[in-house]
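Inspection log for the structure reproduced underneath, given as structure tokens.
The values are calculated or read from the model by the stated rules, or taken from the named source; none is laboratory data. Since we're looking at a predicted model, the values are computed, not measured. Cβ: placed from backbone, ideal geometry, glycine included. Neighbour counts: every protein chain shown. Note: accessible area is taken over every heavy atom of the protein model, side chains too, but ligands, DNA and RNA are not part of it. Shrake-Rupley method; radii C 1.70, N 1.55, O 1.52, S 1.80 Å.
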Number of protein chains: 4
Amino acid sequence: MSGNTIGTVFRVTTFGESHGRAVGVIVDGVTPGLELSESDIQVQLDRRKPGQSSITTPRKESDTVQILSGLFDGKTTGTPLAMVLYNTDQQSSAYDHIRHAFRPGHADITYQAKYGIRDYRGSGRASGRETAGRVAAGAVALKLLAQRGIRIRAYTLRAGGISCAVKDLDVIEKNPMRACDQEAAGLMVKRIEEMQSRGDSVGGIVECRISGVPAGLGEPVFDKLEAELGRAVLSIGAVRGIEFGAGFAIADMSGSESNDPIIPAGFATNNAGGIIGGISTGQEIIFRIAVKPTASISTEQKSTDDQGKPIKISTEGRHDPCICPRIVPVVEAMSAIVLMDMVKRQAALPE
Amino acid sequence: MSGNTIGTVFRVTTFGESHGRAVGVIVDGVTPGLELSESDIQVQLDRRKPGQSSITTPRKESDTVQILSGLFDGKTTGTPLAMVLYNTDQQSSAYDHIRHAFRPGHADITYQAKYGIRDYRGSGRASGRETAGRVAAGAVALKLLAQRGIRIRAYTLRAGGISCAVKDLDVIEKNPMRACDQEAAGLMVKRIEEMQSRGDSVGGIVECRISGVPAGLGEPVFDKLEAELGRAVLSIGAVRGIEFGAGFAIADMSGSESNDPIIPAGFATNNAGGIIGGISTGQEIIFRIAVKPTASISTEQKSTDDQGKPIKISTEGRHDPCICPRIVPVVEAMSAIVLMDMVKRQAALPE
Amino acid sequence: MSGNTIGTVFRVTTFGESHGRAVGVIVDGVTPGLELSESDIQVQLDRRKPGQSSITTPRKESDTVQILSGLFDGKTTGTPLAMVLYNTDQQSSAYDHIRHAFRPGHADITYQAKYGIRDYRGSGRASGRETAGRVAAGAVALKLLAQRGIRIRAYTLRAGGISCAVKDLDVIEKNPMRACDQEAAGLMVKRIEEMQSRGDSVGGIVECRISGVPAGLGEPVFDKLEAELGRAVLSIGAVRGIEFGAGFAIADMSGSESNDPIIPAGFATNNAGGIIGGISTGQEIIFRIAVKPTASISTEQKSTDDQGKPIKISTEGRHDPCICPRIVPVVEAMSAIVLMDMVKRQAALPE
Amino acid sequence: MSGNTIGTVFRVTTFGESHGRAVGVIVDGVTPGLELSESDIQVQLDRRKPGQSSITTPRKESDTVQILSGLFDGKTTGTPLAMVLYNTDQQSSAYDHIRHAFRPGHADITYQAKYGIRDYRGSGRASGRETAGRVAAGAVALKLLAQRGIRIRAYTLRAGGISCAVKDLDVIEKNPMRACDQEAAGLMVKRIEEMQSRGDSVGGIVECRISGVPAGLGEPVFDKLEAELGRAVLSIGAVRGIEFGAGFAIADMSGSESNDPIIPAGFATNNAGGIIGGISTGQEIIFRIAVKPTASISTEQKSTDDQGKPIKISTEGRHDPCICPRIVPVVEAMSAIVLMDMVKRQAALPE
């Protein structure tokens, strides 16, 4: 059934499997008149693509985007933008051993249960490669948001048990972890290489900050801004939790501590993470997500085949030992898609 | 704009303000032929209503539901169920002091920014009373799910800094905290009464377990089961975070620890919380949410009026010092609405 | 399933059966700050209600609307408007004879096939009374559109085989047919009374003109303005066809005849009916609908019971011998709902 | 904004402009396990493509479809089917003269009004070429429907003032008009060639019959089967009206004539066109549409440029003098998309 679309007015529909012909996306509801080129999209896709460092998979996915529609004379026309990335470097035979076997931590078993059929090559539709379409769509939203002064930056806050201080957002693209602390990033890489050499992987925490959001975005009741952001981000494969502002720590606060005092300049604190009652306050929006360790590890694990017979399985292949650095642009893309939708929904309100 | 509807096939639309004439809900997509009466709804509403114990607000909201449509001879007909609860016991004058003032932690300031107008009485549409419609709709979903052997139980896991062991789910309705541990519940109540006497409030953590879910529910890509549950639950006013299965703790695990081994009987562990790749595994679905302390406290706080002038404000009135016990049925209702929608979406898949 | 909602941004959801407790509607996405009272709604409902003349059913439906939510200090707040009309004067026992029988031309047989259960009293959800919710929602849209200079007027163009000239739109409310020609209206009434005395009913054609629509409304490709208007109007019970501008007559034209020449002032003709490529041209929007004769007639007809056994059936009771005059406000309401949605969708475009 | 998607559960999203890189479609909600190949799609596209006879445009559009996703081992997997047709044979320079001019009967002027920018080459998104995506999606629906015994056949009923008898549906593909009467088809072609030689074009009427539909499909209230079919078909560029069953002729009938008597075998007549109360009766569904003459004619016409200055314009180029034969597969495709959606929605009802 149809779960491949997100957004109400700014609408994004993705398609494609890891080892099919292509992955891609249609973005409907794009503001007409935006100057846009494939390089605007490519720059974001390059942040997501594999092979960026020693701690990302050495798979070669060219990830070269083609814009098929919606552009004329270098500008958007208001009609759907279709963007496609053809798949290359597919070593499909590497997946023959899971034709009838399920890998722990992977969607092999649930896709089989749901559909009764599955494209087992490279996880098919459940592959991280599916996020390329999201990033392409997000790049459009990011460009539209930037025109309004809205900026979205995600970064690795913790990985392999090592935390960062939120020191300097300008270093994020200067280390392979996309961490906000160069020193901690170095320790993370070391830890991850160690785990990888043992055939294992690590998880982490990614934080996202959105600045320049005007007060008043978000749609109560069910489409609250945190509900829509939460849904968008929880729809990324490896994400197992999300918290806004003070997050789970708020459970142990008192009301007098957690309420953010209102002052003439705005708010004295930001425990709310920039959203109250589902609507933006004008402060920075802050949330954090829990990222699970990469499920594909070469360590041998217990599993079953599709007849329920016990087997041992290890996932050789080429996989990221930590998904955090590559999930960063995906989190930014999903946030941008939600915010752009909310900007448009708000524009319709007073009419 | 239109953020008051949730669900694709089983669709729920709520309406109403705290101090307007009524709150209520329309449920569209109800299975025809279900035996249903107002008492099926009322039993859930009674779990949500105020005045249940010393630690819930003594406000008297009759919360008596009327079913206006969709029933014939005691059975659903497949047409929309409209349910309404008229408002009574409204002390609207108690809110005169916030006509031009914003309360910290409340949506007063954001509704004003968004709409340029707000019903300030009892928080208007942003009131917790809005959740009565959700609970009424959820009661219908719960009854349909029960026929399939799906059971949803939420409970307070932590409040005021005191945690429960998950001892016995059968005691949940036997203590005013809706906690799963009678002893801890007693300590929580004591702690909350103490905070209340100081004019303050506390937050907490609520956990939800859903059993009997068959493998195969949930719609990749954007409508993953955890994304839809996450959105539904994050749309409840006081919720600031959600985590599934091992949750944020998974960030510090290795892949070999976090992957749930597959065994002939199912899975050896449940770090995934019953969902992989956005689709149910057949295991118990488990998630936890962070609940912020009640924003309404009698302690004096810094704020501004609607002209930006600094003021001091304290919220007298009748408020819950801890929202956890009353949020429990709302979490169950939202979960039921999502699951019922997914059951119907799955039914459409093989056709 | 969920077919009771229309609109993307300005969204309308109706509920209720003819002989249940109430019928009503929720309107979501209403512009905040609109001055609105129950009398704004009532004036439109009074045009739809039965008992207005000798040729409408003498049933007494009070059709008194209550606004339950979404209003504060006489203004809309941007939250959902819920409106309800309680049912009275229900002579349900009059329908006992169709508990197990199907009336020709009625939805008895199809509801039974679809749902396996039906509220047979007064046609249940398939009753014309369902349109009260539409008219209430339309009244809100009409008021918002009027502020922008958009005016919608429908009228009976033909009934019982008698046609009107489109003489004077100001006489529409001055004759019981809501025809645009007083003289023809008199002939129609005479013809209808004659048919009614024979236990029969008549059909007709209703035309609708929408003026003041700016160029640029409507959303290609699938949500073209004529497609959305067509869907909205074809969803009214008795409507069997719709044509825009020159309509079916265009089939016999040549391109050089049918193309409307563009002139500096706009267009020289209006064969397009005010819409080209799914987008308004700025001209008057014109469409016509075919209205079938009332299915409920006292003449004896062949039918079967719900076991397939042949029976003879005649529908006594109190029914309109021609539905045209009462369908006029419903057509206006549906048109207003579509246009208001399009206005809001266009407002979101340039953002 | 987002008007490029149709369907609730079986969802179709098209993209592409006439002279952009490609046109195409994503179909979400496809039943998994369907055997499908590109030739299943191509056979329908070949019926839509130009250059099929003397009375269709000699433009060479290769119209070769590629399926990019959603297939594995020759079967659908339940994930989105993306299908793309690259554009070739584009003589874009042929459109330089309308860069700043509006053609009568074309969407040039309305796209400019709506978007403030337009791809003027070959009508851009408003081109008939957009329907290739619809036909590709429809081919999938047609194959799924055929498995259930549902068959959809459209044909030209009237063109250039010449009518057919509905003699033999098996001759439809045997004449260039796709008419149901070989003799009338010959007369039509002669008439069209004559008009074409005068630089003019003709309109017509297309009829569609859908057999094998079980009773019970369609969703009251707003998503009635005729409303959804009407919307889908009215969204095709040249369609100016639609009527079901007896259609506009029903306006002159009496109730005793128009009501279809119910008999043990079903119904004695089919004035309703197979739909009552928005739900299928189990009879054949029949509707007719008015098709306007092709707007592109070489006869000189009055128009203005985009500054409002009067001009004379004639559309040379390669255009169909009568669109009926090529609209036939588009009508079938749109009908199939609606019916497939309704089949899936009905499957979700009893759950």
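Which residue pairs have Cβ atoms under 8 Å apart, sit 6 or more places apart or on different chains, and have a first residue in the range B:79-103 that is on the phi > 0 side of the Ramachandran plot and a second that is not acidic (D, E)? Within 8 Å, the pairs are B:D89/B:R59; B:D89/B:K60; B:D89/B:S62. C:D63 fulfils the conditions (1) without any contact (Cβ under 8 Å) to a residue 60 or more places away in the chain; (2) on the phi > 0 side of the Ramachandran plot except for a single criterion, (1).
Checking the stated criteria, B:A139 turns out not to satisfy the condition of being open to solvent by less than 10 Å² (accessible area, probe 1.4 Å) and within 22 Å of A:G277 (Cα to Cα).
Looking across the range A:233-246, the residues that are closer than 13 Å to B:A251 by Cβ and either facing chain B (nearest Cβ under 7 Å) or at pLDDT below 95 (or both) come down to A:R240, A:G241, A:I242, A:E243. Could you tell me whether D:T8 is surrounded by 22 or more Cβ atoms within 10 Å (Cβ to Cβ), more than 17 Å from the chain's Cα centre (by Cα) and closer than 23 Å to C:E219 by Cβ? When the stated conditions are applied, D:T8 passes them. Are any residues in the range A:67-92 more than 7 Å from chain D (Cβ to nearest Cβ) and more than 13 Å from A:V27 (Cα to Cα), and if so, which ones? A:D73, A:G74, A:L85, A:Y86, A:N87, A:T88, A:D89, A:Q90, A:Q91, A:S92, listed by residue number.
Based on what the data block shows, is B:I192 within 11 Å of chain A (Cβ to nearest Cβ), open to solvent by less than 20 Å² (accessible area, probe 1.4 Å) and either in contact with a helix residue (DSSP H, G or I) (Cβ under 9 Å, 6 or more places away or on another chain) or more than 23 Å from A:R134 (Cα to Cα) (or both)?
So B:I192 passes the test.
Of all residues assigned to the range B:80-95, at least one qualifies as being aliphatic (A, V, I, L, M) and part of a helix (DSSP H, G or I).
In the set (1) within 14 Å of chain C (Cβ to nearest Cβ); (2) under 28 Å from D:G7 (Cβ atoms); (3) open to solvent by 10 Å² or more (accessible area, probe 1.4 Å), D:Y120 fails one condition alone, (2).
Is there a residue being closer than 30 Å to A:G282 by Cβ and in contact with a strand residue (DSSP E or B) (Cβ under 6 Å, 6 or more places away or on another chain) anywhere in the range B:78-100? Show your work before the answer.
In the first step, residues of the range B:78-100 are kept if they are closer than 30 Å to A:G282 by Cβ; the result is B:92, B:94-100.
When the remaining residues are screened for being in contact with a strand residue (DSSP E or B) (Cβ under 6 Å, 6 or more places away or on another chain), the result is B:100.
Among the residues of the range B:78-100, at least one is closer than 30 Å to A:G282 by Cβ and in contact with a strand residue (DSSP E or B) (Cβ under 6 Å, 6 or more places away or on another chain), which makes the answer yes.
All conditions but one from (1) closer than 21 Å to A:S39 by Cβ; (2) part of a helix (DSSP H, G or I); (3) touching a strand residue (DSSP E or B) at 6+ places or on another chain (Cβ under 8 Å) apply to A:M188; the one that does not is (1). Inspect the range B:152-167 for any residue being more than 17 Å from B:M334 (Cα to Cα), modelled with pLDDT under 95 and open to solvent by 60 Å² or more (accessible area, probe 1.4 Å) and give the result as yes or no. Checking the range B:152-167: at least one residue is more than 17 Å from B:M334 (Cα to Cα), modelled with pLDDT under 95 and open to solvent by 60 Å² or more (accessible area, probe 1.4 Å).
Among the criteria (1) of a type outside the set (V, I, T); (2) over 30 Å from C:A268 (Cα atoms); (3) within 14 Å of another protein chain (Cβ to nearest Cβ); (4) within 19 Å of the chain's Cα centre (by Cα), the one D:A107 does not fulfil is (2). Selection of the range C:23-50 for residues being surrounded by fewer than 20 Cβ atoms within 10 Å (Cβ to Cβ) and closer than 13 Å to C:R129 by Cβ yields only C:P50. Would it be correct to say that D:E207 is over 30 Å from C:T8 (Cβ atoms), more than 7 Å from chain C (Cβ to nearest Cβ) and assigned to a strand (DSSP E or B)? The answer is yes for D:E207.
Evaluating B:L349 against the criteria (1) at the interface with chain A (Cβ under 9 Å from one of its Cβ atoms); (2) of a type in the set (A, V, I, L, M, F, W, C); (3) in contact (Cβ under 8 Å) with a residue 60 or more places away in the chain leaves one unmet condition, (3). Out of A:E183, A:E228, A:E173, one residue alone is facing chain B (nearest Cβ under 8 Å) and out of contact with any Gly (no Cβ under 7 Å at 6 or more places or on another chain). It is A:E228.
Is one or more of the residues making up the range A:125-136 part of a loop (DSSP other than H, G, I, E, B), within 14 Å of chain B (Cβ to nearest Cβ) and aliphatic (A, V, I, L, M)? Steps first, please.
Of the range A:125-136, the ones part of a loop (DSSP other than H, G, I, E, B) are A:127.
This time we only want the ones that are within 14 Å of chain B (Cβ to nearest Cβ), so: A:127.
Still in the list and also aliphatic (A, V, I, L, M): none.
Checked against the condition, which is being part of a loop (DSSP other than H, G, I, E, B), within 14 Å of chain B (Cβ to nearest Cβ) and aliphatic (A, V, I, L, M), the range A:125-136 yields no hits at all.
The requirement of being of a type outside the set (A, V, I, L, M) and within 7 Å of chain C (Cβ to nearest Cβ) is fulfilled nowhere in the range B:45-62; no residue meets it. For the residues D:T315, D:T304, D:T281, the requirement of being facing another protein chain (nearest Cβ under 9 Å) and over 30 Å from D:A146 (Cα atoms) singles out D:T304. Within the range A:332-343, not a single residue is open to solvent by less than 30 Å² (accessible area, probe 1.4 Å), in contact with a Ser or Thr (Cβ under 8 Å, 6 or more places away or on another chain), more than 9 Å from chain B (Cβ to nearest Cβ) and free of Cβ contacts under 8 Å to residues at least 40 places away in the same chain. Hey, does the range D:39-47 have a residue that's among the small types (G, A, S) and closer than 30 Å to A:R121 by Cβ? Taking every residue of the range D:39-47 in turn, at least one turns out to be among the small types (G, A, S) and closer than 30 Å to A:R121 by Cβ.
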